[in-house]
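The values are calculated or read from the model by the stated rules, or taken from the named source; none is laboratory data. Here the structure is a predicted model, which is why all the values come from computation and not from measurement. Cβ: placed from backbone, ideal geometry, glycine included. Neighbour counts: every protein chain shown. The accessibility values were calculated without ligands, DNA or RNA, using every heavy atom of the protein model including side chains. Shrake-Rupley method; radii C 1.70, N 1.55, O 1.52, S 1.80 Å.
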Amino acid sequence: MAKKQAKSDRQAVIAATLKKQKTADQRRGFMIVGVCTVVAVLIVGAAAFQPIKNWWDLRQFKSKDLASIGAPASVCQKVTTKKADGNQQHVPQTQTVDYKDAPPAFGAHWNVAGLAPAPMERKLYTAADRPALEALVHNLEHGYTILWYDDTIAKNDTDMKELQAIADKLAGTSNFRDKFIAAPWLSSDEGGAKFPSGQHVAFTHWSAGGSGNTDTSKQEGVFQYCSQVSGASLSDFMLKYPYTDSPEPGAM
């Protein structure tokens with residue numbers, strides 16, 4: 001009788017232990033599910049937060065015109081020009097071109113469908129996705145103004161918001177006067193040439209020597225350097241050197 005009682009007591013202890021273990025396992029499972037749910041919510045929330053933050057930050061530029069974005073035109077140096085070459089000088093996609101200027105305004109370039117020139121609908125690039133220099137020079141041949149920015153600008157959130165606002169002002173593909181791209185100038189691009197000391201932004205344009213000019217000997221590369229992002233100076237630059245003043249203005 002005592003043995004039966006002892007066996008029964010042990011079974012009761014085992015049952016109680018198993019019940020506690022099951023309860024603990026269930027509680028642990030609920031905790032894991034809960035933690036995973038919180039992590040998932042945080043991930044989704046973080047992904048949604050950045051676009052919302054960007055929209056919020058860019059609201060301030062909605063009522064401003066291009067010339068009112070960023071610093072005044074006084075932060076930019078005088079426009080300089082240099083005799084250009086490379087019109088219709090296409091090289092294979094596998095070939096790199098050694099551009100002597102930082103950044104280039106003309107020269108030999110790629111001519112690859114879907115790659116060069118870069119598409120007009122994209123106005124702002126980062127280091128992660130910028131087209132090759134050889135592709136962007138083809139854009140210059142087709143009348144684009146390119147705003148190049150260095151790593152100092154890339155690391156400044158305010159500067160990048162201003163660049164995004166400028167890109168938004170020039171959005172679209174139907175008006176060729178909006179032939180514009182903002183792209184980073186990378187340390188790997190430099191070679192033997194660099195931005196002038198203290199300058200962090202550059203505008204370049206491939207001029208035909210005047211709208212409608214077909215004399216290739218009149219072609220010039222146009223350069224302007226700025227210490228800060230300046231929509232005012234960019235606006236003046238693009239008015240003075242429109243897409244029509246380029247070797248190949250009629251294409252995208």
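Can you compute log10 of I(q)/I(0) for region 198-252 with the Debye formula, treating each Cα as one identical point scatterer, at q = 0.13, 0.14, 0.25, 0.29 Å⁻¹?
The Debye formula, applied to the Cα set alone, gives -0.35, -0.40, -0.94, -1.10.
Which FRET efficiency, nearest 0.05, do residue 174 and residue 28 yield, Cβ-Cβ r, R0 35 Å?
So the FRET efficiency works out to roughly 0.05.
Under a Cβ-Cβ cut-off of 14 Å, what is the net charge of the residues other than residue 98 that fall near it, where Lys and Arg count +1 and Asp and Glu count -1?
Neighbour charge sum, excluding residue 98 itself: -4.
Output the antiparallel fraction of DSSP beta bridges having both residues in region 91-202, as a percent to the nearest 5.
Of those bridges, close to 25 percent are antiparallel.
If R₀ is 41 angstrom, what is the calculated FRET efficiency for the pair residue 88 and residue 63, using the beta carbon separation as r and rounding to 0.05?
Approximately 0.45, to the nearest 0.05.
At a probe size of 1.4 Å, how large is the accessible area of residue 66, to the nearest 10 Å²?
Accessible area, nearest 10 Å²: 30 Å².
Extending each Cα 7 Å along its Cβ direction at residue 128 and residue 244, get the distance between those two points in nm, one decimal.
4.0
Kindly give Rg over Rh for region 127-173, based on alpha-carbon atoms, with the Kirkwood expression for the hydrodynamic radius.
Radius of gyration over Kirkwood radius for region 127-173 works out to 0.99.
Report the relative contact order of region 186-239, percent, no decimals, based on alpha-carbon pairs under 8 angstrom and at least 6 residues apart.
Relative CO of region 186-239 lands at 36 percent.
Would you list the P(r) distribution for region 104-252, with all Cα-Cα distances sorted into 10 Å bins from 0 and each bin expressed as a whole %?
12, 45, 36, 7, 0
Given a Förster distance of 22 angstrom, what is the FRET efficiency for residue 197 paired with residue 155, based on the Cβ-Cβ distance and rounded to 0.05?
That pair, residue 197 with residue 155, gives E of 0.75.
Just how many % of Cα pairs in region 74-169 lie over 21 Å apart, if you round to the nearest whole percent?
38
Kindly state, as a whole number, the per residue volume in cubic angstrom of the convex hull around the alpha carbon atoms of region 60-126.
It is 161 Å³ per residue.
Pop out the ³J(HN,Hα) list for region 90-96 in order, Karplus 6.51 cos²θ - 1.76 cosθ + 1.60 with θ = phi - 60°, rounded to Hz; leave Gly and Pro as x.
Karplus-based 3J(HN,Hα) across region 90-96 equals 8, 10, x, 4, 7, 9, 8 Hz.
Which net charge results for the neighbourhood of residue 21, defined as the other residues with beta-carbon distances under 12 angstrom from its beta-carbon, given Lys and Arg at +1 and Asp and Glu at -1?
+4
Quick one: pull the percentage of alpha-carbon pairs in region 121-203 with a separation above 18 Å.
Considering region 121-203, 41 percent of its Cα-Cα pairs are separated by more than 18 Å.
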